[in-house]
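S.K.: Have a look at this one before I ask anything.
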Amino acid sequence: MSDAVDFFISKFRKNIQKQEKWGRCYRPRPYRNAVVRFRNCSIDDFEERRDILINEAGLNAFLFRADKIPGCDLLSDSGTTTMTMEQWASLFMGDEAYGSNEGYFELKRQVEETFGPGWGDVDTSVGGASDSLFIFHQGRAAENAFFSVLSRKLREEGSSYPPEISNKLGPELKNRIKSKITTLSERFGSLREPICIIPSNSFFDTTQGNIEDKRMIPVNLPCREHLDNREDFPFRGNMDIEELEKLLSCERERIPLVYLTITNNTGGGQPVSLENIKKIRELTRKFAVPFFFDACRFAENAWFIQRGEKEYSGKSIKWIVHEMFRYVDGFHISLKKDGLVNMGGALVIRKEGDFKRRFPDFSCDLIDHQIMTEGHPTYGGLSGRDLMAVSRGLETITRQDYLDARIGQVEKFGEKLVEGGIPIIRPTGGHAVYIDMDRFFDGEKNKADFMGISFTALLLIGGHRVCELGTYAFGSYNGKREIPPDPRINYVRAAVPRLAYEDQDLFSVVEAIKVLADHREMIPGVNVEYGREMSLRHFKSRFSFLPLAKGAKSRKNKVLR
Ligand SMILES: Cc1ncc(COP(=O)(O)O)c(C=O)c1O
């Protein structure tokens, strides 16, 4: 009897482990639905969606009414999470005191628990409030506060850097920086001196926007493996260490800090290895430059480290997160991602870190900024109950079973697209699948026609929403010509909200994308009707479809390269 039971236990176990790839392993989700939301529309309402898209939204996915999307809304994984029952229940426990509410202390405790010792520290020499944790209503508000205060501090320092960018950088990197300076000078009239440079593996658009707005130069240094499209390389989010070293040794005075986005959203949601993090720390120590994370998807990044770096495969996610955060002087985070909430952001500065040493009264200025723009530092733009939900989110996010299911789902989605011949960035990232528009259209289309915008618009008529993150979102227009993103990226991103969709929903998106791929000669380019020259233009622009080229007809292509 017990032999038979043991026999079946071993067979059941083998059954769920038989697929080596996470993406192929069908096991039940580690949660089940507790609340569902019925749709307000049907997948069959194609004409209604066409009319809304053309007449109301001007082909801009951001301007399309969400309640008219019957399929998957993959515009963003940000703030779109389904909260857990523990989070909903915790909202009742929030207290709405104006100063020092319960949620603030609970959040500080959880920040320390999730990110490691020291991150919830209080320095009573600074205004009585926490010197480490600054709460904001979302990530970009934290970025804005940070770069506003930083640029002021740098100007007050009055450093006099050489006016010219060093020749020792080599022509390629030097020209990239100079052309960025020219673009920004054209946009703002002139740049205030001194010109500061902030390097990163790749900045997200709002981070880049905030840095540029403060007249500083963001420089992306994605690793070679990413630029070479190395599909076998598990850490394509890494920073190019050689380029960073070159930049630090030639232009150290201009660099107030080095950034790392984990995972690298702009570069395809790709993770960064702990080895890369440690090397950046070594270099930044050597050149005495502080080191920060844009930590939006820290837990997903930790999961990839556990899977991809042998020496950490036996470590828990919690351990890996603590280890990752040991090497930085601070971080900002949009809690709308790995905070598992619908709204929230934070900036966290290490009390004993290099940044704090370089700018000892930074926190004081930051608190002023926070009070003027968000509210008292103990709630900073959120309500007391929100802080409780953030705490529970930061607790859940490091669960192994959650991350296995979450990243496994994104991987399955990516694998299905690959099976359908759709060119995506591989390996798939943690939160999204990125479809490569240059390869999707295989050079057949005029690259100036913003085919990612057309793709996105037509897929909306098909019932699903994704987001162009390519030549339109990251390029710019100087009044005479288009300046493509540097390095060139031309993706459409399908970001998967946390705990919201089942595999079947995502597979229906694959089916709709295959329709577009099969008939890609019939996809027209777009004309920009409004907003081409604006900053952050993809949020605001309106478009119309261009007429199809004469003689265009469907050739029903099955497989793309
Ligand atoms: C890497 C990264 N940084 C910053 C942000 C900005 O965060 P928020 O949307 O909360 O303002 C995002 C948002 O998507 C992001 O992905």
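S.K.: Of the listed pairs Lys286/Lys351; Lys356/Lys540; Lys174/Lys336; Lys180/Lys416, which have alpha-carbon separations greater than 29 Å here?
M.R.: Table pairs above 29 Å Cα-Cα are Lys356/Lys540; Lys174/Lys336; Lys180/Lys416.
S.K.: Taking a ≥ b ≥ c as the square roots of the eigenvalues of the Cα gyration tensor of the range 207-329, is the shape rounded (a/c under 1.5), prolate (a/b larger than b/c) or oblate?
M.R.: prolate
S.K.: Taking a ≥ b ≥ c as the square roots of the Cα gyration tensor eigenvalues, with a/c under 1.5 meaning rounded and otherwise prolate when a/b beats b/c, else oblate, which class fits the range 90-396?
M.R.: Cα axes put the range 90-396 in the oblate bin.
S.K.: Okay, moving on. Summing +1 for each Lys or Arg and -1 for each Asp or Glu, what net charge is found among the other residues whose Cβ lies under 13 Å from the Cβ of Tyr327?
M.R.: With Lys, Arg at +1 and Asp, Glu at -1, the neighbours total +1.
S.K.: Around Ser76, under 10 Å between beta carbons, what's the net of Lys plus Arg minus Asp minus Glu among the other residues?
M.R.: So the surrounding residues net to +2.
S.K.: Just to be sure I understand the model, the point goes 7 Å from the Cα along the line to the Cβ. What's the resulting Glu282 to Phe92 distance in nm?
M.R.: So the two model labels end up 5.4 nm from each other.
S.K.: Run through the DSSP bridge list for the range 90-396 and note the antiparallel percent, rounded to the nearest 5.
M.R.: Given both bridge residues lie in the range 90-396, the antiparallel proportion sits at roughly 50 percent.
S.K.: Describe numerically, in nm with one decimal, the distance between label points set 7 Å from Cα along Cα→Cβ at Lys550 and at Arg27.
M.R.: 6.1
S.K.: Which cross-chain or sequence-distant (5 or more) residues have an amide H under 5 Å from the amide H of Phe543, H modelled 1.01 Å from N in plane?
M.R.: Hits under the 5 Å cutoff: Leu59, Asn60, Glu529.
S.K.: Full-extension gain between Arg252 and Leu63, please, as 0.36 nm times their residue separation minus the C-alpha to C-alpha distance.
M.R.: Working it through step by step, the gained length comes to 63.8 nm.
S.K.: Sort Glu106, Glu275 so that the residue with the fewest other Cβ atoms within 10 Å of its own Cβ comes first and the one with the most comes last.
M.R.: Going from least to most buried by this count: Glu275, Glu106.
S.K.: Here is a follow-up. Once phi is turned into θ = phi - 60°, what whole-Hz ³J(HN,Hα) does the Karplus curve with 6.51, -1.76 and 1.60 give for every residue of the range 455-470, x standing for Gly and Pro?
M.R.: In residue order, the calculated couplings are 4, 5, 5, 5, 5, 5, 5, x, x, 10, 10, 10, 9, 6, 10, x Hz.
S.K.: Another question, then. Check Lys337: other-chain or 5+ apart residues with amide H under 5 Å from its amide H, H built from backbone geometry?
M.R.: Under 5 Å from the amide H of Lys337 lie the amide H atoms of Gly79, each far enough along the sequence or on another chain.
S.K.: I need two numbers for the chain: Rg to one decimal and Dmax as a whole number, Cα atoms only, in Å.
M.R.: Looking at the chain, its Cα Rg and Dmax stand at 23.8, 83 Å.
S.K.: Would you mind ranking Trp119, Trp319, Trp303 by Cβ crowding within 10 Å, fewest neighbours first?
M.R.: By the 10 Å Cβ count, ascending: Trp319, Trp119, Trp303.
S.K.: Under 11 Å from a point 7 Å along the Cα-to-Cβ line of Leu227: which residues of the range 242-266 have their amide N that close?
M.R.: Label zone hits: 242-244.
S.K.: Okay, next question. Where both residues lie in the chain, what percent of DSSP beta bridges are antiparallel, nearest 5?
M.R.: Of those bridges, close to 70 percent are antiparallel.
S.K.: Between beta-carbons, use under 10 Å as the cut-off and find the net charge around Leu63, counting Lys and Arg +1, Asp and Glu -1.
M.R.: My count for the surroundings of Leu63 gives +2.
S.K.: Oh, and also: Quick one: length gained pulling Lys178 to Asp6 fully straight, 0.36 nm per residue minus the C-alpha distance?
M.R.: Stretched out fully, the Lys178 to Asp6 stretch lengthens by 55.1 nm.
S.K.: What list of ³J(HN,Hα) values in whole Hz, one per residue of the range 225-242 in order, does the Karplus curve 6.51 cos²θ - 1.76 cosθ + 1.60 (θ = phi - 60°) give from phi, with Gly and Pro shown as x?
M.R.: In residue order, the calculated couplings are 4, 6, 5, 7, 6, 6, 6, 8, 9, x, 10, 6, x, 4, 8, 6, 5, 5 Hz.
S.K.: Using alpha carbon centroids, what distance separates the range 103-117 and the range 278-301, in Å?
M.R.: Between the Cα centres of the range 103-117 and the range 278-301 lies a distance of 21 Å.
S.K.: Provide the FRET efficiency to the nearest 0.05 for the Glu419-Tyr530 pair, computing r from the beta carbons and using R0 = 30 Å.
M.R.: It comes out at approximately 0.20.
S.K.: For the residues Thr284, Thr183, Thr207, what sequence is obtained by ranking on other C-beta atoms within 10 Å, fewest first?
M.R.: Thr183, Thr284, Thr207
S.K.: By the gyration tensor of its Cα atoms, with a ≥ b ≥ c the square roots of the eigenvalues, what is the shape of the range 346-461: rounded for a/c under 1.5, prolate for a/b over b/c, or oblate?
M.R.: Note, shape of the range 346-461 comes out prolate.
S.K.: Return the long-range amide H neighbours of Ile217 (sequence gap of 5 or more, or a different chain), with a cut-off of under 5 Å between placed amide H atoms.
M.R.: Cys196, Ile197, Ile198
S.K.: Okay, moving on. Short version: ³J(HN,Hα) in whole Hz for each residue of the range 79-87, in order, from phi by Karplus 6.51 cos²θ - 1.76 cosθ + 1.60 (θ = phi - 60°), x for Gly and Pro, what are they?
M.R.: Values, residue by residue: x, 9, 5, 8, 6, 7, 4, 4, 5 Hz.
Bear in mind that the values in this text are calculations on the coordinates, not laboratory data. Remember, it's a predicted structure, so these values are computed and weren't measured experimentally. Quick reminder, even Gly has a Cβ in these numbers, built from the backbone with ideal geometry, and neighbours come from all protein chains shown.
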